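The values are calculated or read from the model by the stated rules, or taken from the named source; none is laboratory data. Note that this is a predicted model, so its numbers are computed, not measured. A quick note on method: Cβ atoms are made from the backbone with ideal geometry, for glycine too, and the neighbour counts reach across all protein chains shown.
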Amino acid sequence: MPTSTSDAAAALKTALRREAGALGFDAVGVAGPDSVAEAGDRFRRFLSRGWHGDMDWLQAKADRRTDPRTLWADVHSIIVVGLSYAPEGDPLAPLQQPQRGCISVYAQRRDYHDVLKKRLKRLARWLIAEAGGEVKVFVDTAPVLEKPLAAAAGLGWQGKHTNLVSRRHGSWLFLGSIYTSLSLPPDSAHADRCGGCRRCLEVCPTDAFPAPYELDARRCIAYLTIEHQGHIDAAFRPAIGNRVFGCDDCLAVCPWNKFAAASHEAALQPRDELTTPRLAELLQLDEDGFRRLTRGTPLRRLGRNRLLRNTLIAAGNSGDSSLAPAVEALLADPSPLVRAMAVWALTRLLGDDALASLRRKHLEHEADADVRSEWRAAVPADVAGVSRRP
C-alpha cells in the first residue's frame with residue numbers, strides 16, 4: 001500500500017468516513033499509536049494516587065493502556081468512531097422525583113457495547129476488503145485509552161470532568177476504535193474549548209474532582225453505584241440522592257450540550273421502564289425480576305444485590321415513609337449487602353422506637369459483621385426513643 005501521505009491513503013480515509021456515516025456513526029477520526037503519550041503519563045499518576053479505587057483491572061494492564069503498541073505491536077493507525085446518545089430532555093430532571101430511581105442516560109437503553117461492536121466489525125470488514133491489512137476492534141472492554149485517542153483523532157477534547165466533549169454532540173458520545181496495520185493520515189488533535197467554565201466541577205455532589213481534568217473515582221457516584229462492589233461509605237450516601245445507577249451531573253451541565261441534537265438511533269432508544277422506575281417497584285425485585293428488567297442493558301452487570309443496595313440508599317434519601325414496609329422486608333434478604341442498606345434506609349424512614357424494636361428482633365440473629373455494625377450505628381444498645389437526627 002502507498003505511504004500514509006499518498007493520495008491513495010487520503011482517498012481511503014475519505015471513503016472510510018463515508019462508510020462510517022452510512023453505518024450510523026456520528027463521528028470518525030484517525031490517530032497515530034504514539035498520540036497518547038501525555039495521556040499515559042496522566043493515567044499513571046491517577047493510578048499512583050489510588051484514585052482508581054478497587055478497579056484493579058486498570059492497574060493490571062496499565063502498560064497496555066498507556067502505549068497502543070504494547071497492546072498490539074503491528075498497529076500503525078487507530079480509527080476512532082463516536083455514536084451519539086444525546087437525551088431528549090433534561091437528564092437531571094429525575095433528581096427532583098425522590099420516589100423514583102434516577103438511572104444514567106447511557107444505561108436506560110440497549111447495551112452500547114453490543115451496538116457499537118457489531119457496526120465496528122462491519123466497518124473493519126469493509127476496510128479489509130478495500131485495502132487489506134489486519135485489524136482489531138475494541139469497545140471499552142479492552143485496555144484502551146479511548147477518550148485520549150478520540151481527542152487525538154479530532155472527535156473532541158477531554159473536558160475538566162475528564163470525559164470527552166464534542167462541539168457537535170456535547171458530552172454524549174459512545175466511543176469505539178479499530179486498530180489497523182494500515183497507515184492512514186492522522187487527524188489533528190482537537191483544541192480544548194472549556195475556557196474558564198467550571199460547571200462540571202462545581203455540580204459534583206461528592207466533590208470528586210481534586211482539580212480540573214482530575215478525577216478521584218473513589219468519590220464519584222458513578223463509580224460508587226456501578227463499579228464499587230461492597231458497602232458504600234455512609235458519608236457519601238446522602239449525596240447519592242435517588243441515583244440508583246450512575247450519575248450524569250457533570251455531563252449534563254456542560255454548555256456544549258446545547259449544540260447536541262437528541263439521538264434518534266433506533267437501537268439506542270431509552271426503555272420506558274428504565275427512565276424513572278418507581279423505588280417501590282425496584283425494592284420488590286427478586287433475581288428473576290432483575291433479569292427481566294435489565295435484559296440486554298448495562299444494568300445487568302450490576303447484579304440484583306448491588307441494584308438493591310443503591311435502591312435502598314435512594315429509599316432512605318426519599319423521605320417517603322410509605323416505602324418502609326418494603327424496606328423492612330429486605331431485612332431478611334439473603335444478601336448481607338442488601339440487609340445492611342435496609343438497616344440504613346430504615347434509620348432515615350422510621351422513628352426511634354420502631355427502630356429499637358426492629359433491632360431487638362433482627363440483631364440477635366444477624367451473623368454478618370457489616371450488618372451488625374449498621375444496626376449498632378442505627379440504635380445503640382438498650383437505647384430507644386432518643387433522637388439521632390436534628
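Report yes if some residue within the stretch 225-232 is acidic (Asp, Glu) and in a loop (DSSP other than H, G, I, E, B); otherwise report no. No.
Please indicate, with yes or no, whether at least one residue in the stretch 194-214 is touching a helix residue (DSSP H, G or I) at 6+ places or on another chain (Cβ under 8 Å), in a loop (DSSP other than H, G, I, E, B) and surrounded by 23 or more Cβ atoms within 10 Å (Cβ to Cβ). Within the stretch 194-214 (the criterion being touching a helix residue (DSSP H, G or I) at 6+ places or on another chain (Cβ under 8 Å), in a loop (DSSP other than H, G, I, E, B) and surrounded by 23 or more Cβ atoms within 10 Å (Cβ to Cβ)), the answer is yes, since at least one residue qualifies. Among the residues of the stretch 247-265, the ones that are under 17 Å from Arg198 (Cβ atoms) and among the hydrophobic types (A, V, I, L, M, F, W, C) come to 6 in all.
Hey, can you tell me all the residues within the stretch 62-93 that are small (Gly, Ala, Ser) and either crowded, with 22+ Cβ neighbours inside 10 Å or not in a loop (DSSP other than H, G, I, E, B) (or both)?
Here is the first cut: in the stretch 62-93, the residues small (Gly, Ala, Ser) are 62, 73, 77, 82, 84, 86, 89, 93.
Within the stretch 62-93, Ala62, Ser77, Gly82, Ser84, Ala86, Ala93 meet the criteria.
Restricting the stretch 163-181 to residues that are out of contact with any Cys (no Cβ under 9 Å at 6 or more places or on another chain) and part of a loop (DSSP other than H, G, I, E, B) leaves a set whose member that is surrounded by the most Cβ atoms within 10 Å (Cβ to Cβ) is Trp172.
For the stretch 109-144, enumerate the residues that are of a type in the set (Val, Ile, Thr), part of a helix (DSSP H, G or I) and surrounded by fewer than 16 Cβ atoms within 10 Å (Cβ to Cβ).
Of the stretch 109-144, the ones of a type in the set (Val, Ile, Thr) are 115, 128, 135, 137, 139, 141, 144.
Narrowing further to those that are part of a helix (DSSP H, G or I): 115, 128.
Scanning the stretch 109-144 gives a single hit, Ile128.
Every condition in (1) more than 28 Å from Glu38 (Cβ to Cβ); (2) within 21 Å of the chain's Cα centre (by Cα); (3) among the small types (Gly, Ala, Ser); (4) at pLDDT 95 or above is met by Gly89 except one, and the failing one is (4).
Scanning the stretch 1-53 for residues that are in a loop (DSSP other than H, G, I, E, B), surrounded by fewer than 14 Cβ atoms within 10 Å (Cβ to Cβ), modelled with pLDDT of 90 or more and not basic (Lys, Arg) yields Asp34, Gly50. Residue count for the stretch 327-357, restricted to those that are outside any helix (DSSP H, G or I) and under 19 Å from Gln99 (Cα atoms): 1.
Identify the single condition in (1) over 30 Å from Gly319 (Cα atoms); (2) among the aliphatic types (A, V, I, L, M); (3) touching a residue at least 60 places away in the same chain (Cβ under 8 Å) that Ile240 does not satisfy, given that it satisfies every other one. Here Ile240 clears every test but (1).
With respect to the conditions (1) surrounded by 17 or more Cβ atoms within 10 Å (Cβ to Cβ); (2) without any contact (Cβ under 8 Å) to a residue 60 or more places away in the chain; (3) over 21 Å from Pro68 (Cβ atoms); (4) among the polar types (S, T, N, Q), Gln96 falls short on a single one, namely (1).
Quick check: anything in the stretch 293-311 assigned by TED's automatic domain parsing to the domain that holds Glu366, over 19 Å from the mean Cα position of the chain (by Cα) and at pLDDT 95 or above?
Within the stretch 293-311, the first condition is being assigned by TED's automatic domain parsing to the domain that holds Glu366, and the residues that meet it are 293-311.
From what is left, the residues that are over 19 Å from the mean Cα position of the chain (by Cα) are none.
Looking through the stretch 293-311, none of the residues is assigned by TED's automatic domain parsing to the domain that holds Glu366, over 19 Å from the mean Cα position of the chain (by Cα) and at pLDDT 95 or above.
What do you reckon, is Cys254 in contact (Cβ under 8 Å) with a residue 24 or more places away in the chain, in contact with a His (Cβ under 7 Å, 6 or more places away or on another chain), surrounded by 14 or more Cβ atoms within 10 Å (Cβ to Cβ) and assigned by TED's automatic domain parsing to the domain that holds Thr162? For Cys254, the condition - in contact (Cβ under 8 Å) with a residue 24 or more places away in the chain, in contact with a His (Cβ under 7 Å, 6 or more places away or on another chain), surrounded by 14 or more Cβ atoms within 10 Å (Cβ to Cβ) and assigned by TED's automatic domain parsing to the domain that holds Thr162 - is not met.
All conditions but one from (1) buried (at least 20 other Cβ atoms within 10 Å of the Cβ); (2) under 22 Å from Leu92 (Cβ atoms) apply to Phe236; the one that does not is (1).
At pLDDT below 95, assigned by TED's automatic domain parsing to the domain that holds Gln284, within 28 Å of Gln229 (Cβ to Cβ) and in contact with a Pro (Cβ under 9 Å, 6 or more places away or on another chain), is that true of Ala377? Walk me through it before giving the result.
On the way: at pLDDT below 95: yes; assigned by TED's automatic domain parsing to the domain that holds Gln284: yes; within 28 Å of Gln229 (Cβ to Cβ): yes; in contact with a Pro (Cβ under 9 Å, 6 or more places away or on another chain): no.
Judged against the criteria, Ala377 is not a match.
Of all residues in the stretch 257-273, which are in a helix (DSSP H, G or I) and either crowded, with 21+ Cβ neighbours inside 10 Å or touching a Ser or Thr at 6+ places or on another chain (Cβ under 7 Å) (or both)?
Step one: filter the stretch 257-273 for residues in a helix (DSSP H, G or I), giving 257-259, 266-268, 272-273.
Within the stretch 257-273, Asn257 is the sole residue that qualifies.
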